[in-house]
Amino acid sequence: MSYRRSLTRTALFALAYSAAVLLGRQTAIGPDGVGLAWPAAGVSAVWFCAQRRARARWADVVALPVALAATTAVTATPAPNVALGFGIAGVTQAMVFSRLLSWWRPNLWGAGGTEPLHRPRDLWGFLGAAVGASFCGAGIGVANERIFHGSLDWTHFTLYLTRHTASILIIGSAGVLAGSVLAGFRDHHGSVGGWWRHHMRTLAGTRPWRIAEYLVIVAGTTCAYMIGFGNAAHLPLAFPLLSWTVLVAIRLSTPFLLLHNTVIAGIAVHYTIAGTGPFARIADPLIQGILVQLFLVLVTVVGLALALARDERNVLLAELAAEKAELAREKTELAAQRMLAAAHADLLAAIIDSMADGLAVIEPDGRVSLRNPAFTQLLGGSGHPDAGSRFGLFRLDGTRYGDDDLGSLRALARQDVPERDALIRRPGLPGGRIVRTTATPLLRRDGTRSTVVLLHDVTAERRHRDELTNFAGVVAHDLLNPLASVDGWTTAAADALSDLPAHPSLDQALADLTRSGRAAARMRGLIDGLLAYATAREAGLAPAPVDLAGVVADIAEARTDAAGAVGALEPRFTIGELPPVQVDPVLLRQLLDNLIGNAIKYTAAGTRPALTITAHRDGTMVEMRIADNGIGIPKGQHDAIFGNFHRAHGDSGYHGTGLGLAICKRIVERHHGTITATDNPDGGSCFILSLPAALDTATPTVLLPA
């Protein structure tokens, strides 16, 4: 709030306070001019609540006594010095009310929040703040009279207390409602016009009988109070009139009740001053004023207590209905989710049952909790885990599995196991059936583990692989025999011609024979490469723990000896710590020999080959790096070099079939690893490959499915 705006609001509240003081002066009764009502107390309470965060708060403290002194000068009652004391009492009373309300009900407008009175405990906090503030104001007012008049009348204290309390209750509660509405304009409606249009639409949607009920009750309660207080016979009708307040509180909204309280206060004060009504026959003006204010306090408290209790009950019922609706919605969603889950379960069961591969879930105790028909069909009988020993389940080396292998199956709940092949023999299958088993741990929500076992019938694949391997061997033998003959006859012819005298035709013949020998050598290398590629692709794996460091050292020594034998520069090896791996020993040697041989081969002329070989364990895999100082890999061919017959340096004088790296990739992939090629930051190439790490404990060569 800006400083100028704060001063403007102070001025407006001061004018309203002055008007309230003048109105209170008009309610004076008796020879001493005792005011029957004091609306200024309620206005000052609203004033100081509205300005509790104003920048010019000092102006409010000054403006209230000044406004009271100005009205005193106009009305000439009471004396100026007494008016100053009452001004101090008014400021103290307003400040105490604002402070108490912020302590007890900070959610209300004017106390730190933006809410109106909407529950009974708000009313009790508001009433307590009103009584506490009025007590302070009345005490200062009576002390002020004692100082300037020399007398102390405790009846005046009671009158001030009840009069100020009633004023704060009636005007203050209405002010809190108005302030909360104004505070909510911009948040909910943007402007007063928006708020008015909203309530007009609400009124337009109200049922006609509800509008008629409002009109009847408002007219009835107004007429009843006017008749009760306008009765010249002074009948005791004040407290029976409370029934109309109860009716208003029960049937009408809280804002209408606040309006009803203001109207009733005006009727009671007006007719009492005129000398009619149930309180007019009391001779003592002070007692008369006290009873009138007690009546107004009672009317206000009873009405607000009933109305706020009703509002709180309606809010609770609405919240309960919303919770029931939300619960019903959640139940509906849960039912829908269960139906969807059931549909998914049925679909999953149908998919599993339709699989050609056998699938089963094995619990840690060896119990089969799930299996599909293909699993039972492959194993035969009931498919129980120990059925393997009954119908005949063999390793590929011919040894039979026993019941003790079920312990290894339970161990699968703690680690993945590579694919293994097993041979099934049972009646009706003379040649048996080869199945590939895959076991994977399955983590349950409760922390336990089970094993998912998959059986894949590879009998036809193995037969085809064996036929292809045999075919490759036969083809290689049949092709190598003619090549051996060509090579032998070429060598014999060259030896025979070497003893003849020099002749141009003889030189041409020897050159042709040399070219034929080189072509036969290239053909022999291509056949050997194809045979190695077929072997790497189709041959069965026999993984075992292998000392990687020993294999690398052996290959390095062999390559060094080979270079020395032909007079070439011997390669320099830098070998780090190499963890053991779980691979096929033959294929591992072929893999590393190819990679190390390529690194030495593709080195610039006159440069001594230098290789750095390192490795480290990463979980269940060992990552190995072979870096060289060779001529490197052309840009954009780091992936293509692993393709069949691809030669990155085909026109650079380096001979080869283009199958070496394809064989390396096939060997690595068959071990479920990866291989990539990058540039060596120090120049040359770097091959990065991953292979299974050696198992910490011994494991069976083939793992039984259940």
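Of the peptides 115-123, 293-301, the order by per-residue mean of other Cβ atoms within 10 Å, starting with the highest, comes out as 293-301, 115-123.
Taking N as the residue count of region 224-306, its C-alpha radius of gyration divided by 2.2 N^0.38 Å amounts to 1.05.
In terms of overall dimensions, the C-alpha atoms belonging to region 552-628 reach 42, 21, 17 Å along their principal axes, ordered largest to smallest.
For the pair L12 and A305, label points projected 7 Å from Cα toward Cβ lie 3.6 nm apart. Over 27 Å apart: what share of the alpha carbon pairs of region 224-383 falls there, rounded to a whole percent? That fraction is 59 percent. Here the average projected area of the convex hull drawn through the C-alpha atoms of region 311-364 stands at 6.1 nm². With no solvent and one point on each alpha carbon, what is the Debye value of log10 I(q)/I(0) for region 1-139 at q = 0.13 Å⁻¹? One equal scatterer on each Cα of region 1-139 leads to -0.57.
Laboratory data are not the source of any read-out in this text; all were calculated from the coordinates shown. What you are looking at is a predicted structure, and each value in this text was computed from that prediction instead of being measured. Cβ coordinates were reconstructed from backbone atoms using ideal geometry, including for glycine residues, and neighbour counts include every protein chain displayed.
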